[in-house]
1. Output the residues belonging to segment 104-121 that are under 17 Å from residue 151 (Cβ atoms), more than 9 Å from the chain's Cα centre (by Cα) and open to solvent by less than 10 Å² (accessible area, probe 1.4 Å).
2. More than 15 Å from residue 88 (Cβ to Cβ) and part of a helix (DSSP H, G or I): is that true of residue 171 in this structure?
3. Looking at segment 71-92, can you tell me whether even one residue there is farther than 23 Å from residue 145 by Cα, open to solvent by less than 40 Å² (accessible area, probe 1.4 Å) and modelled with pLDDT of 95 or more?
4. State whether the residues of segment 1-13 include one that is within 23 Å of the chain's Cα centre (by Cα), under 18 Å from residue 84 (Cα atoms) and open to solvent by less than 30 Å² (accessible area, probe 1.4 Å).
5. Pairs please, first residue from segment 110-130 and on the phi > 0 side of the Ramachandran plot, second anywhere and of a type outside the set (Val, Ile, Thr), Cβ atoms under 7 Å, 6+ apart in sequence or on different chains.
6. The conditions are (1) open to solvent by 40 Å² or more (accessible area, probe 1.4 Å); (2) at pLDDT 95 or above; (3) under 27 Å from residue 89 (Cβ atoms), and residue 25 fails exactly one of them. Which is it?
7. So, of the residues in segment 50-64 that are among the aliphatic types (A, V, I, L, M) and open to solvent by less than 50 Å² (accessible area, probe 1.4 Å), which turns out to be farthest from the chain's Cα centre (by Cα)?
8. Identify the residue in segment 124-155 that is of a type in the set (Ser, Thr, Tyr) and closer than 16 Å to residue 112 by Cα and, among all such residues, is most open to solvent (accessible area, probe 1.4 Å).
Amino acid sequence: MEIRDIRAVLFDMDGTLVDSDAVVDRSWSRWAVECGLDPVAVLAVAHGNPAAATIAQFLPDASAAELATAGARVLDLEVSDVEGVVAKPGAVQLIGTLDRIGLPWAVYTSAPAQLAKLRLTVSGIAPSVLVTVDDVSRGKPDPEGYLRAAELLGVPVTECLVVEDTVVGLTAGQASGAMTAGLKGVPADLELPDLHRLDALFQGLE
């Protein structure tokens, strides 16, 4: 499949459309310290991974109630910190190009809805279709969220482009059957230095 064959674009949020890396680092580092865990080890897993999965990995003996409390604490830390949260370079321009050429797009994120809406709003990005971890029974690397986003757009997932910046996210995109684009050196069908490059490719279709 080539860019001209794409009928919809499915974006990850954190690290792809929204620069929230510093907030993620601060929030998860603080949670790790509070729990007596190694922040470096936690951060190696937290980016792109559903919070519940990260917490369960580092608190394997925790009860369901303890896991829920930990999840609520991480969410509180992340929601209360939007310092430095902005659209990634090229994101707003790319979305404008997609709208102009009539290609629908959606966002699927491992973040819960409350956090996703906050970060997208702060970044000036307003997707018509937003799928969050609250909408799926299995988070990334399972493809359920990307399949759901394509369904909501009314486009076969095999005619969609998934744009991601983590291995766990690209794994979900690949498993869905979509064409994939990877940022930050993540292996994909299309490897991008930044979103400006993808914007240029779509502008070439005008």
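1. First pass over segment 104-121, keeping only residues under 17 Å from residue 151 (Cβ atoms): 104-109.
Imposing the further condition that a residue be more than 9 Å from the chain's Cα centre (by Cα) reduces the set to 104-106.
Matches in segment 104-121: 106 only.
2. Numbers: more than 15 Å from residue 88 (Cβ to Cβ): yes; part of a helix (DSSP H, G or I): yes.
Yes; evaluated as a whole, the condition is true for this residue.
3. Within segment 71-92, one or more residues are farther than 23 Å from residue 145 by Cα, open to solvent by less than 40 Å² (accessible area, probe 1.4 Å) and modelled with pLDDT of 95 or more.
4. Yes: segment 1-13 contains one or more residues that are within 23 Å of the chain's Cα centre (by Cα), under 18 Å from residue 84 (Cα atoms) and open to solvent by less than 30 Å² (accessible area, probe 1.4 Å).
5. Once the first residue is on the phi > 0 side of the Ramachandran plot and sits in segment 110-130, its partners that are of a type outside the set (Val, Ile, Thr) give 124/87.
6. (2)
7. Initially, segment 50-64 is screened for residues among the aliphatic types (A, V, I, L, M), giving 51-53, 55-56, 59, 62, 64.
Narrowing the set further to residues that are open to solvent by less than 50 Å² (accessible area, probe 1.4 Å) leaves 51, 53, 55-56, 59, 62.
Values: 51: 12, 53: 15, 55: 18, 56: 20, 59: 24, 62: 27 Å.
Applying the filter and picking the extreme gives 62.
8. So in segment 124-155, the residues of a type in the set (Ser, Thr, Tyr) come out as 128, 132, 137, 146.
If we keep only those that are closer than 16 Å to residue 112 by Cα as well, we get 132, 137, 146.
Details: 132: 3, 137: 91, 146: 0 Å².
Per the stated criteria, the residue is 137.
The values are calculated or read from the model by the stated rules, or taken from the named source; none is laboratory data. Predicted, not measured: the structure shown is a model, and the values here were computed from it. FYI the Cβ positions are ideal-geometry reconstructions off the backbone, even for glycines, and counts take in every protein chain you see. The accessibility values were calculated without ligands, DNA or RNA, using every heavy atom of the protein model including side chains. Shrake-Rupley method; radii C 1.70, N 1.55, O 1.52, S 1.80 Å.
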